[in-house]
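S.K.: Submitted below is the structure of interest, expressed as structure tokens.
The values are calculated or read from the model by the stated rules, or taken from the named source; none is laboratory data. Since the model is a prediction, treat every value here as computed from it, not as a measurement. All Cβ positions, glycine included, derive from the backbone under ideal geometry; neighbour counts span all protein chains shown.
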Amino acid sequence: MAVYLTPVYAGADGYGLSLATVGFVLFLTRWPDIITDPIIGFISDRTRTRWGRRKPFVLIGTPIYAIGIWMLFVDPIEFKEVTWLGLTFNNGYAWLFFSLTMIYLGSTIKDLPYRAWGAELSANYNERTTITSWREGFGVAGALISAFTPAIIFFMGFTRPIDAAFYLSVAMLLLMPFLTLNALVVVPEFPVRDRVKTRIPLIESVALVLRNKVYVRYIVIFTFSGIGATMTNTLSFFFVEHVLVAGALYGFYLAPYFVSQIAAIPLWLKLSTKIGKHRATMVAIGWYAFWASWIPAIAIAPTEWFEAFRIQHLLGWLPQSWFNNLMAQFEGIETGKFLFFIIVMCLKGSSIGALAALPQSMAADIVDYDTRTSGQQRAGAYFAIGGIVGKGAAAIAVWIAASLAVWGGFDQLADPENTTNSWGTLLWLACLYSVIPALFKFVAMPFLWNWPLTEEVLADVQKDIYESGEGDETLSPPDTSQQTR
């Protein structure tokens, strides 16, 4: 979704729709979440079934999400100009809007309770980070499998984004039922009983969450970081295709990029246990920004500078027959600059796992702190608001990225090798892809400084509750050791 949607619907090898209009449709489809997210979060907080509070929603939302993916990438209608109420437009925009609405509705129903479910699996500060790190690690592993798929089908002659999106969607639709049912059957939901029995209405519950100053700080961090990440994803393929002139090799970039994310997660997890989650997040932002600043320099540098990185030089040790067959696949493609770009992106990408897992763990800390001080479970409400903000940030980012690229003169339908895009336009695209997203992430720095919910603070709150006699069997006693349970 993040990587292939805009190339499929707006790219020259896709459906060729307007990039700016596609971005605007993506922006519009996020607004219904303002209504659906808090409703689903509120209801899931109050649902009591023999299967648990969160599992029924995951079960219901998954097929809705799958139908939307099928419509979007596997079996879309024939796109053509139509006239309706005197207006002439391409029906592809309407199809995109309807398919995305289905996807986002299914995503809301299944993902909000899923994230709240994960936050409730442990009350331990470091163990919570371990849970979110493993979850993000498996998420990146799924992305890694997806990333290798375009690289594999490249050797079968499928080099277009629309081909990759098709095969990835079919694979996802086949695997999703089995993996989802496994989670529903195997992973427990621990029984939760509120200490405070008074039921708070939806609007008041949302207002209470928004009055939590720590959570508001978290939302600011989450929003600007999300804008930066989505801008990068939106323009990723266009950068590789038009700036590096290596669109056919795009699948080879995704695979090592996701490998670097997975490999670095244990290091960030270890760092967070030593210096705290918020400080580790600040280090990750700095690391991300440092390597992002190299991208425009690579874009404008002469290709001759990267001669040593060309595949012809690196794979010269292969048997001659293998070498000849392999070089035939890369004939006419400049691989030197592309390979150097991959190296820099792997160094940059090594921070992505931390920027995903650590903030999620910090959100779980906030929910736990609220539960222990208020006596009520409002994880669904918290993650609903986080979901609204995250989706809104993503929608705004897609619109900003697409609109600014078009405003700068970028034509995504131009021939990359004989481009009509100017040198300045391509440099602007490189900055939109790398430097500007890094600046958005830097907004989080002052909000992370002196983060109030440290391991010691949460342990003290937990201890106070038990010493006051308000604890019950749903709240585990404080873990005074450094080991996780």
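S.K.: Looking only at the range 401-436, count every residue that is closer than 14 Å to T21 by Cα, in contact with a Gly (Cβ under 8 Å, 6 or more places away or on another chain) and outside any loop (DSSP other than H, G, I, E, B) and tell me the total.
M.R.: The number of residues fulfilling the criteria is 3.
S.K.: Right, next: Need pairs with beta-carbon distance below 7 Å; first residue within 18 Å of E120 (Cβ to Cβ) and within the range 180-200, second among the polar types (S, T, N, Q) and at pLDDT 60 or above; sequence gap 6+ or separate chains.
M.R.: Close Cβ pairs (under 7 Å, with a partner that is among the polar types (S, T, N, Q) and at pLDDT 60 or above) amount to V192/Q377; D194/Q376; D194/Q377; V196/S374; V196/Q376.
Residues are listed down the side, and each one gets a yes or a no for (1) touching a Ser or Thr at 6+ places or on another chain (Cβ under 9 Å); (2) more than 17 Å from F79 (Cβ to Cβ):
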{"residue": "A2", "(1), (2)": "yes, yes"}
{"residue": "S18", "(1), (2)": "no, no"}
{"residue": "L26", "(1), (2)": "yes, no"}
{"residue": "R30", "(1), (2)": "no, yes"}
{"residue": "I43", "(1), (2)": "no, yes"}
{"residue": "R53", "(1), (2)": "yes, yes"}
{"residue": "P56", "(1), (2)": "yes, yes"}
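S.K.: With the structure loaded, tell me whether N233 is crowded, with 17+ Cβ neighbours inside 10 Å, out of contact with any Phe, Trp or Tyr (no Cβ under 7 Å at 6 or more places or on another chain), in a helix (DSSP H, G or I) and modelled with pLDDT of 85 or more or whether it fails that test. Can you show your working first?
M.R.: Values: crowded, with 17+ Cβ neighbours inside 10 Å: yes; out of contact with any Phe, Trp or Tyr (no Cβ under 7 Å at 6 or more places or on another chain): yes; in a helix (DSSP H, G or I): yes; modelled with pLDDT of 85 or more: yes.
So N233 passes the test.
S.K.: Might you let me know whether the range 384-392 holds any residue that is surrounded by fewer than 17 Cβ atoms within 10 Å (Cβ to Cβ), modelled with pLDDT under 90 and either in contact with a Gly (Cβ under 8 Å, 6 or more places away or on another chain) or not in a loop (DSSP other than H, G, I, E, B) (or both)?
M.R.: No, because not a single residue in the range 384-392 is surrounded by fewer than 17 Cβ atoms within 10 Å (Cβ to Cβ), modelled with pLDDT under 90 and either in contact with a Gly (Cβ under 8 Å, 6 or more places away or on another chain) or not in a loop (DSSP other than H, G, I, E, B) (or both).
Results for (1) surrounded by 15 or more Cβ atoms within 10 Å (Cβ to Cβ); (2) free of Cβ contacts under 8 Å to residues at least 12 places away in the same chain; (3) more than 21 Å from P452 (Cβ to Cβ), shown as yes or no for each residue.
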residue: V259; (1), (2), (3): yes, no, yes
residue: K270; (1), (2), (3): no, yes, yes
residue: T303; (1), (2), (3): no, no, yes
residue: A308; (1), (2), (3): no, no, yes
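S.K.: Got at least one residue in the range 34-53 being touching an Asp or Glu at 6+ places or on another chain (Cβ under 6 Å), in contact (Cβ under 8 Å) with a residue 60 or more places away in the chain and in a loop (DSSP other than H, G, I, E, B)? Step through it out loud before you land on a result.
M.R.: Taking the range 34-53 and keeping what is touching an Asp or Glu at 6+ places or on another chain (Cβ under 6 Å), we get 52.
Remaining after also requiring in contact (Cβ under 8 Å) with a residue 60 or more places away in the chain: 52.
Pick out the ones that are also in a loop (DSSP other than H, G, I, E, B) and you get 52.
Within the range 34-53 (the criterion being touching an Asp or Glu at 6+ places or on another chain (Cβ under 6 Å), in contact (Cβ under 8 Å) with a residue 60 or more places away in the chain and in a loop (DSSP other than H, G, I, E, B)), the answer is yes, since at least one residue qualifies.
S.K.: Another one. Residues being of a type in the set (F, W, Y) and more than 14 Å from L244 (Cα to Cα): count how many of those fall in the range 410-427.
M.R.: Step one: filter the range 410-427 for residues of a type in the set (F, W, Y), giving 410, 423.
Among the residues that remain, those that are also more than 14 Å from L244 (Cα to Cα) are: 410.
Residues meeting the conditions: 1.
S.K.: Given the residues I221, I262, I200, which is the only one that is part of a loop (DSSP other than H, G, I, E, B) and at pLDDT below 85? Let's see the steps before the verdict.
M.R.: Working: I221 fails: part of a loop (DSSP other than H, G, I, E, B); I262 fails: part of a loop (DSSP other than H, G, I, E, B).
Just one listed residue meets the conditions, I200.
S.K.: Of the residues I39, I77, which is surrounded by fewer than 22 Cβ atoms within 10 Å (Cβ to Cβ), more than 30 Å from L404 (Cα to Cα) and either among the aliphatic types (A, V, I, L, M) or at pLDDT 80 or above (or both)?
M.R.: Details: I77 fails: more than 30 Å from L404 (Cα to Cα).
Matching residue, one of I39, I77: I39.
S.K.: Further question on the same structure: For W317, are the conditions met, namely being at pLDDT below 70, out of contact with any helix residue (DSSP H, G or I) (no Cβ under 6 Å at 6 or more places or on another chain) and in a helix (DSSP H, G or I)? Before you say what the answer is, go through the steps one by one.
M.R.: On the way: at pLDDT below 70: yes; out of contact with any helix residue (DSSP H, G or I) (no Cβ under 6 Å at 6 or more places or on another chain): yes; in a helix (DSSP H, G or I): no.
No; evaluated as a whole, the condition is false for this residue.
For every residue, the table says whether it meets (1) in contact with a His (Cβ under 8 Å, 6 or more places away or on another chain); (2) of a type in the set (D, E); (3) surrounded by 15 or more Cβ atoms within 10 Å (Cβ to Cβ); (4) at pLDDT 75 or above.
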residue: Y65; (1), (2), (3), (4): no, no, yes, yes
residue: V82; (1), (2), (3), (4): no, no, no, yes
residue: G86; (1), (2), (3), (4): no, no, no, no
residue: L105; (1), (2), (3), (4): no, no, yes, yes
residue: L112; (1), (2), (3), (4): no, no, yes, yes
residue: A123; (1), (2), (3), (4): no, no, yes, no
residue: E136; (1), (2), (3), (4): no, yes, yes, no
residue: G157; (1), (2), (3), (4): no, no, no, no
residue: R160; (1), (2), (3), (4): no, no, yes, yes
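S.K.: Given the criterion crowded, with 18+ Cβ neighbours inside 10 Å and modelled with pLDDT of 90 or more, identify the matching residue among L96, L26, L59. Give the steps one after another, and end with the answer.
M.R.: Numbers: L26 fails: modelled with pLDDT of 90 or more; L59 fails: crowded, with 18+ Cβ neighbours inside 10 Å.
Going through L96, L26, L59 in turn, the sole match is L96.
S.K.: Please indicate, with yes or no, whether at least one residue in the range 233-252 is in contact with a Leu (Cβ under 9 Å, 6 or more places away or on another chain), farther than 30 Å from F155 by Cβ and of a type in the set (A, V, I, L, M, F, W, C).
M.R.: no
S.K.: In the range 272-281, which residues are part of a helix (DSSP H, G or I) and either of a type in the set (S, T, N, Q) or surrounded by fewer than 21 Cβ atoms within 10 Å (Cβ to Cβ) (or both)? Talk me through it step by step, then tell me what you get.
M.R.: Let us first name the residues in the range 272-281 that are part of a helix (DSSP H, G or I), namely 272-275, 277-281.
Across the range 272-281, the qualifying residues are S272, T273, K274, I275, R279, T281.
S.K.: Filter the range 380-419 down to residues that are closer than 23 Å to G228 by Cβ and of a type in the set (S, T, Y) and give me whichever is farthest from the chain's Cα centre (by Cα).
M.R.: Only one residue fits best here, namely S403.
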